[in-house]
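The values are calculated or read from the model by the stated rules, or taken from the named source; none is laboratory data. None of the values given here were measured: they were computed from a predicted structure. Neighbour counts run over all protein chains shown; Cβ positions are idealised from the backbone, glycine included.
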Amino acid sequence: MQVHEPGRVSRRGFLTMSGAAAITFGLAACSSAPSGSGSTTGTLKFWDMVWGTGNTYTSEAKKIAGSYRPSGSNLGVKYQSVPWANWNQVFTSAAASKTTPAVASGAAFLPFYLLDQGSVVPADGLVKRLDRNGTNDFLPGVLDQMKTSKGYAAVPWSMDLRVLWVRKSLLEKAGAEIPTDWDSFIKAGQALQKIGVVGLGLAAGSTTTDAQHTVSALMINNGGGMFDADGNLDCVTDRNIETLDFLGECVAKGIIDPHAISYTNTNLANDWTNGHVGMGFNQTGLDKTFRPDEQSDVEVISPIKAAHGDTGTVYYINPLMMFSTTPSQESSEAFLAWYLDQIHQYWTSGVETDLPVKKSITDLPIIQNNKNLVKSVSEWQPIGKTIGARTDHAFAALNTVDGGSATATFVQEIIQGGRSSKQLLETLQTSLESVIKKKK
């Protein structure tokens, strides 16, 4: 991530920002929207989302993909950047019309949905290729999250991990200790509130899923989640009620800014850098949004313990998937195996804000020399889970829930206050049941 990069984009906060299309496709020198089947003449089509720093990421990605030189009879690759605006519709429409690309990056749970629909090809052959090449060095548990009864839905390439950040100078000014559990978090938040600083930074406006991430992180922190161990919706549980009670206390004590209900990612980022936010869950690259002379003031702290002593957070594993529309499955696997060997360049060039999922990349000096990334990898990644936290695998319904209107309304109602935790969760359960039923 570049400091104050004008093109900086949060991938999940970009879901409805249609203005990105002109920027992204202009950089990619492609058409104004993804089109065509999985190949052009003699090439694989590679759709890549706008990750990391936005335009600078896309420029680097296009350069990397353009350097691919296939061996033998394998096909070359044509790169196309795809904006986050209407991403789900773009892929599902392409799947319905059989105009998907050969390979693509995408939202965390999209490959599970498309695998169920028969559009995505299992990545088992690619995983075996990585094993043979000695390049299957994913961090513990990450590849396992791609496994389904039909095989691997995709392979991971990066991770949107939510970690807890603090601004040390603001805590010191407030006379507050760095929190270690929920009780001390409330105390620190109250101390910050007394000096006019927000204790839990959130953005819950219509163009971002930031607040949804924080609520999911805290549910998982307390051993809860929206689904049971069998993948069935199970929102109204004692652990989830406790989590919403905690958030309700934050609202009542002014630790959460009521204006957060309409905040964009930009609003929240500005509040962090101008000293209005003292603590909050965010991406692992948050410090890079600060001026160089202020970056040491923002720090990832160790995971805090919830009501029963549990620790945990949410992560979203960013996948690379393969489609049945490829003109050559062998070529798709060969390209992605090669591409995974090149992705370290996103971190060494500073254009990626998410966490790498390959140990060979986390061992690089660019990661090891950053104490916040080291703590994220060593302390937070091992306790991270998907929004299907109580299950041991991902599944298609998660794509329907992820970033949808039901969860958006849910977190806005938390910030508004006035309803009991149980009522909020009952409404969420009913809303999600309706959405999932429609998608089946």
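Each residue in the stretch 223-271 was checked for being buried (at least 22 other Cβ atoms within 10 Å of the Cβ) and more than 24 Å from the chain's Cα centre (by Cα), and 2 pass.
With the requirement that a residue be hydroxyl-bearing (Ser, Thr, Tyr), surrounded by fewer than 23 Cβ atoms within 10 Å (Cβ to Cβ) and either without any contact (Cβ under 8 Å) to a residue 12 or more places away in the chain or assigned to a helix (DSSP H, G or I) (or both), what does the stretch 342-372 give you? Listed by number, the residues that qualify are THR348, SER360, THR362.
If you go through the stretch 162-177 and keep only what is touching a helix residue (DSSP H, G or I) at 6+ places or on another chain (Cβ under 7 Å), closer than 30 Å to ALA394 by Cα and crowded, with 23+ Cβ neighbours inside 10 Å, you end up with ARG162, VAL163. Remark: pairs (first residue in the stretch 182-194, free of Cβ contacts under 8 Å to residues at least 40 places away in the same chain; second residue in a helix (DSSP H, G or I); Cβ separation under 7 Å; 6+ apart in sequence or on different chains) = ALA191/ALA174; LYS194/ALA174. Looking at the stretch 127-142, is at least one residue out of contact with any Asp or Glu (no Cβ under 9 Å at 6 or more places or on another chain), closer than 23 Å to VAL351 by Cα, buried (at least 17 other Cβ atoms within 10 Å of the Cβ) and modelled with pLDDT under 95? Checked against the condition, which is being out of contact with any Asp or Glu (no Cβ under 9 Å at 6 or more places or on another chain), closer than 23 Å to VAL351 by Cα, buried (at least 17 other Cβ atoms within 10 Å of the Cβ) and modelled with pLDDT under 95, the stretch 127-142 yields at least one hit. On the given criteria, is SER420 within 26 Å of TRP87 (Cβ to Cβ) and surrounded by fewer than 21 Cβ atoms within 10 Å (Cβ to Cβ)? In short, no. Just give me the residues in the stretch 36-69 being modelled with pLDDT of 95 or more, under 18 Å from the mean Cα position of the chain (by Cα) and polar (S, T, N, Q), in sequence order. THR58, the sole residue that qualifies. With a requirement of 3 or more residues that are in contact with a strand residue (DSSP E or B) (Cβ under 7 Å, 6 or more places away or on another chain), the helices (runs of 4 or more DSSP H) lying completely within the stretch 67-162 that satisfy it span 110-117, 124-133.
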